[in-house]
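Read through the structure below, which is laid out as structure tokens, and then see the notes.
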Amino acid sequence: MLLVGLNVFDYLQHSGRLFSATAGGEAVRGAIRLVLFLHLTFSIIKLIFAAEFMIGRGDESPLSFFSDMNTEAIKSNIEKWLSPLLNEKNLFLVDVNVSAGKKIEVFVDSDEGIHIDECALISRLLEKNLDGSGLVPDNYILEVSSPGMTNPLKVPRQFKKRIGRVLDVVKKDGEKIEAELMAADQEKIKLREVVQVKKKSKKKEQEAEAEPREIEIKYADIKKALLVFKF
């Protein structure tokens, strides 16, 4: 667009029918320069907003070259630093999110749930290791918490503690399944899909319930798994 604008300006500048070497011509040329400058400015702004949108969606940002933090290095080091403490407290790491700039979110859980004092202990341990590590800027933000009930299930132990609950599972091939979680191990989950009972007519009794379909899904095939809440 900028190249086209410059070509148009060049054409108008050399067209004797549209311009003359007068104050009016200079004013028009100045207006065109202003339009081109604004177009370039807005293009840069759109690039920045597009980069932020990609980051929020989980894609690699085109501005990642300018990131203040090395995401993979931070994640791997956090896992290493936390491993002894998590094993001692029977806790497990669910996820680490590193946003563009300076924010780090660490989600930790246990089979019985995690307490706020345990989150504080983990936060102090990570701050001690992160400060002066060269991995983060001086003004980084660290948040340690349990994953929310509406957050996707990420690791096998999360699935194991939700046995008996109804899940909404989206597979990587696009298939969507709403079913009860029957079992979970380190590689896969087993779901039982309950078929809805149908009535033949108002006068007749309900048909016998169809045999529930059991489904096994490997974690590698799961795109997202959420708890279903019915009120």
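For the range 221-231, give me each residue that is buried (at least 16 other Cβ atoms within 10 Å of the Cβ) and assigned to a loop (DSSP other than H, G, I, E, B).
Those that are buried (at least 16 other Cβ atoms within 10 Å of the Cβ) and assigned to a loop (DSSP other than H, G, I, E, B): none in the range 221-231.
Identify all residues within the range 90-129 that are of a type in the set (A, V, I, L, M) and in contact with a strand residue (DSSP E or B) (Cβ under 7 Å, 6 or more places away or on another chain); write none if there are none.
Residues of the range 90-129 that are of a type in the set (A, V, I, L, M), as a first pass: 91, 93-94, 96, 98, 100, 104, 106, 108, 114, 116, 120-122, 125-126.
Hits for the range 90-129 are 91, 93, 94, 96, 98, 104, 106, 108, 114, 122, 126.
Looking at the range 74-92 only, could you name the residues that are in contact (Cβ under 8 Å) with a residue 60 or more places away in the chain and outside any helix (DSSP H, G or I)?
If we filter the range 74-92 for residues that are in contact (Cβ under 8 Å) with a residue 60 or more places away in the chain, which is where we start, we get 74, 92.
Residue satisfying the conditions is 92 alone.
Keeping to the range 152-174, report how many residues are without any contact (Cβ under 8 Å) to a residue 60 or more places away in the chain and either in the same structural domain as residue 108 (by TED's automatic domain parsing) or farther than 15 Å from residue 112 by Cα (or both). Break it down into steps so the answer makes sense when it comes.
Residues of the range 152-174 without any contact (Cβ under 8 Å) to a residue 60 or more places away in the chain: 160-161, 163-164, 169-174.
Subset that is either in the same structural domain as residue 108 (by TED's automatic domain parsing) or farther than 15 Å from residue 112 by Cα (or both): 164, 169-174.
Residues meeting the conditions: 7.
Among the residues of the range 95-102, are any assigned to a helix (DSSP H, G or I) and either assigned by TED's automatic domain parsing to the domain that holds residue 161 or at pLDDT below 70 (or both)? Talk me through it step by step, then tell me what you get.
So the first thing to find is which residues in the range 95-102 are assigned to a helix (DSSP H, G or I), and the list is none.
Within the range 95-102 (the criterion being assigned to a helix (DSSP H, G or I) and either assigned by TED's automatic domain parsing to the domain that holds residue 161 or at pLDDT below 70 (or both)), the answer is no, since none of the residues qualifies.
Considering 190, 218, which residue is surrounded by 11 or more Cβ atoms within 10 Å (Cβ to Cβ), charged (D, E, K, R) and at pLDDT 95 or above? Reasoning before the result, please.
Values: 218 fails: surrounded by 11 or more Cβ atoms within 10 Å (Cβ to Cβ).
Matching residue, one of 190, 218: 190.
Give the range 152-185 a look and list any residue that's out of contact with any helix residue (DSSP H, G or I) (no Cβ under 6 Å at 6 or more places or on another chain) and basic (Lys, Arg), or say none.
Within the range 152-185, 154, 157, 160, 161, 162, 165, 176 qualify.
Got a number for residues in the range 103-135 being closer than 15 Å to residue 155 by Cβ and either assigned by TED's automatic domain parsing to the domain that holds residue 161 or assigned to a strand (DSSP E or B) (or both)?
Residues flagged as closer than 15 Å to residue 155 by Cβ and either assigned by TED's automatic domain parsing to the domain that holds residue 161 or assigned to a strand (DSSP E or B) (or both) within the range 103-135 amount to 5.
The values are calculated or read from the model by the stated rules, or taken from the named source; none is laboratory data. These numbers were taken from a predicted model, which means no experiment stands behind them. A quick note on method: Cβ atoms are made from the backbone with ideal geometry, for glycine too, and the neighbour counts reach across all protein chains shown.
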